[in-house]
Amino acid sequence: MGQALEPLFTTDDAGRVTSWGESAARLFGRSADAALGEQVVEAVRGADGTLRVVLRSEAEGGGWEVFPGDASDQAADADVEGPLVRALFSVSQLGLLVVDRDLRLIRVSAAAGSMHGSASEELLGRRLDEVYRLADPVGDLAAARSVLETGTSVFSRLVTVLGAGGYRQHYSVSAFRLRRADGEVIGLAMTVLDVTRRERDAERTATVSRVRERVGRSLQVMETCQDLADALSPGFADLVVVSLIDQVAGGDYPPLRPVDTEQLLLRRAALRTTGPPDPDLAVGGLEAVRGESSYVRALLESRPVLLRSGRDGRLSDTPERENSLRAAGAHSMIVASLTVRGRVLGLVRMFRRGRSEPYTLPDLQAVESAVAHAALCLDNARRAAHDRALASTVHRRLLPRPPGVRLGIDTAYVALSPTADSGTWFDVVPLSGARCGLVVGEVSGAGMPSVAAMGHVRTALRALAGLELQPDELLARLSDTLTQLAHEWTGVAVSGDLALTAGCVYALYDPIARTCSVACAGQPAPRLIGSDGRIERIDAPVGPRLGAPDSTPFAMATSSVGDGATLILASDELDPALSQEVVDRLLAVYSTARELADGMFTRLAADPRHKGTALLARTRPLPTDRTSVWDLPSEDRAVSDARRLTRRWLTERPGPPSADALDSAELLVSELVTNAVRYGTPPIMLRLILDRSLTIEVTDSGATTPNLRHARVTDEGGRGLFIVSRLTEKWGTRQSSTGKTIWAEQSWPEE
């Protein structure tokens, strides 16, 4: 009774030792650590005597209990062994194979023959790889030979077999070596368990996991669609087509369910195939929904639809499309709608073709989980794209509108930003002598404090530019202004712990001299693109940011700018995106600055990494009839000569001016030339520039700057500049290395 209650050891259904008592250790000379997990034939090898085996019921956990036996037990074992073997090979649902040392089948159970689809007797005498179309014949046969040579058993090895029709079947195979009583190896015993359903369920689970891992990493609509296609193929589908409703692909809101399928158009957004591409399924193409009942069902029912081709089945209601799919070898398809929050975004079509297993009903549940996640991610990407476009549009509208066309130059801008409260700005500042200041800058931080600081900096820059300062001197004074502003704002955070600083590039363009003078504060120097397409960067050193503690002086660089050239001033955020390739492609298509800016915005706005501001200025030939220059003598007759030359030049133009405008122009010329003759230093030069207004410039080599005086009634002089100030819109003085220029702008009637 003690032996009945205390077996020597126990095994599982596969014959592996699961427990090993002290009696077994003494009897067989093997410790429990060495015996556990081994096959019975290996654990008791070389032992004398007999053993008695008792089969345990399923309720007891299955397997066998092994007890010491005696001579009388041998007869009992013989009585059990025969019926047991016969039952295992004829009744058991576990497939059993016995092969010889050449891996040829010498015995096959009924279950194993049924798995193969043949009678057991038909398989005898054939080698394993002749009976089964192994997906990995080299690896599987090598594993079997290794068991023969080493005696180390293999448990639960996954073996894939190509079954009827080329479809894959998966089996869990265990193998252990068979030896006679004298130790001679006679072959292998194998257990075969069909795990095809388990593996296919695992593949479906892996597909859903792959979709959840890969889809949603980007907030780009098209990239998200492609990520979905890449996650489904290969592995789950041989061909995947992701289509968006046309209005969604264009950036509009998706329609609410139920949708009007009669008017709905789908635009292909992504494609992935394991075979050659199909020209009929190119990305970007449009197709109607109303022609396909499977599309309509998927959209209206919001659940995947399974179709199979064959004698009674079709994949498409359109004959041309059906023929194309059959020619590509497609035999089954799943159509699923991309629906989220009651709105329909599009459709996903998955095809299997060739020798791939056709889709089955369990696949629909995996597809439903995958497309639900993809639809949510796609809607997030669509919302982000809409927000980016809206923010960029609002930001563009909030920025000042520069004059589109000035004498000799055409300007436009590009503003890209993820938020409308960014501190980036641009400006075009009209200056005397048909010159203009081109500005691009950004204030540190974001939010309303940054926007307020931007307004202060822009206003201060315009005021300093009106003083006719050179770019380097202007940035130096602007930096002092920002430093003072930062002290006044002590305790008001601009953005976290960032100090109040600003980056700025200021370019002074003179269309008459055809030069551009540039100074930079923490921003890259402008690009200059010649009329021949050659791109170079103006060699202006980049100084410290405005308001920064660095006291390094700003430097200025002057470059010649020919007609038909393009200046691009970009913030340091946007500058890297304006590569040679991007600029070349845009210049090859667009001619005006506005077209160039719109093309640049369209190309760059879709990518959230591109943000910042760029100002574009395209030079134009200066009209020869818009300016004239004369050298005047340094004597009293210069005044009368200047009046005569002015009247003749203005009256010879088409559409002569009114008498009042002409008289005012003569008076202004007379006063400015008189001032130069009396107080200036030769040589004296008169220049007239006619744009939206008439600009009168008188230049001499003296350094003394005139001042406006309010003469008393008894004074005989001192009223010249006072008269100038009353007759003009604005006037001023600018210094140069060779002297000074007094200028005045008079309103002029349009021709």
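No value in this document is a laboratory result; all are computed from the given coordinates. Owing to the predicted nature of the structure, the values given are computational and were not obtained by experimental measurement. So basically every Cβ, Gly included, is an ideal-geometry build from the backbone, and we count neighbours across all protein chains shown.
Please give the peptides 691-701, 530-540, 268-278 ranked by average Cβ packing (other Cβ atoms within 10 Å per residue), highest first, as a rough proxy for protection.
On the way: 691-701: 20.6, 530-540: 13.5, 268-278: 17.0.
Order by mean packing, descending: 691-701, 268-278, 530-540.
Could you please report the charge total around L345, scoring K, R as +1 and D, E as -1 over all other residues with beta-carbon less than 13 angstrom from its beta-carbon?
Numbers: positive: R257, R267, R341, R343, R382, R383; negative: D246, D252, D379.
With Lys, Arg at +1 and Asp, Glu at -1, the net is +3.
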Open item on the list: For the pair L361/R303, report the inter-label distance in nm, with labels modelled 7 Å from Cα in the Cβ direction.
Closed with: 1.1
Task: Protection proxy ranking, peptides 626-632, 570-576, average beta carbon neighbours within 10 Å, highest first - done: 570-576, 626-632
Task: Scaled radius of gyration (Cα, divided by 2.2 N^0.38 Å) that segment 200-388 gives - done: 0.94
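So which GluC sites (Glu not before Pro) in segment 597-690 are both in a DSSP loop and have at most 13 other Cβ atoms within 10 Å of their Cβ? Write down the numbers at each step before the final one.
Working: sites: E635, E652, E666, E671; in loops: E635, E652.
Answer in residue order: E635, E652.
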TODO: Please name which of L281, L271, S172 has its Cα lying farthest along the dipole of segment 162-287 towards the positive end, using unit charges on Cβ (Lys, Arg +1; Asp, Glu -1) and the Cα centre as origin.
DONE: S172
- [ ] Output the Cα-based Rg and Dmax of segment 134-283 in Å, rounding Rg to one decimal and Dmax to a whole number.
- [x] 24.3, 83
TODO: Calculate one ³J(HN,Hα) per residue across segment 155-160 by plugging θ = phi - 60° into the Karplus curve 6.51 cos²θ - 1.76 cosθ + 1.60, and present them in order as whole Hz with x for glycine and proline.
DONE: 10, 6, 6, 7, 10, 9
Open item on the list: If you average the C-alpha positions of segment 654-702 and of segment 568-617 separately, how far apart do those two centres end up, in angstrom?
Closed with: 41
- [ ] Please work out whether segment 457-613 counts as rounded, prolate or oblate from its C-alpha gyration tensor, where a ≥ b ≥ c are the square roots of the eigenvalues and a/c under 1.5 means rounded, while otherwise a/b larger than b/c means prolate and anything else oblate?
- [x] oblate
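How large is the Kirkwood hydrodynamic radius of segment 630-711, counting all unique pairs of alpha carbons, in Å? Intermediate results must be reported in sequence, preceding the final value.
Numbers: mean 1/r = 0.0749 Å⁻¹.
The answer is 13.3 Å.
Given Cβ point charges of +1 (Lys, Arg) and -1 (Asp, Glu) and nothing else, what value in debye, to the nearest 20, does the dipole of segment 200-388 about its Cα centre take?
Values: 27 positive and 25 negative charges, 65 e Å.
It comes to approximately 320 debye.
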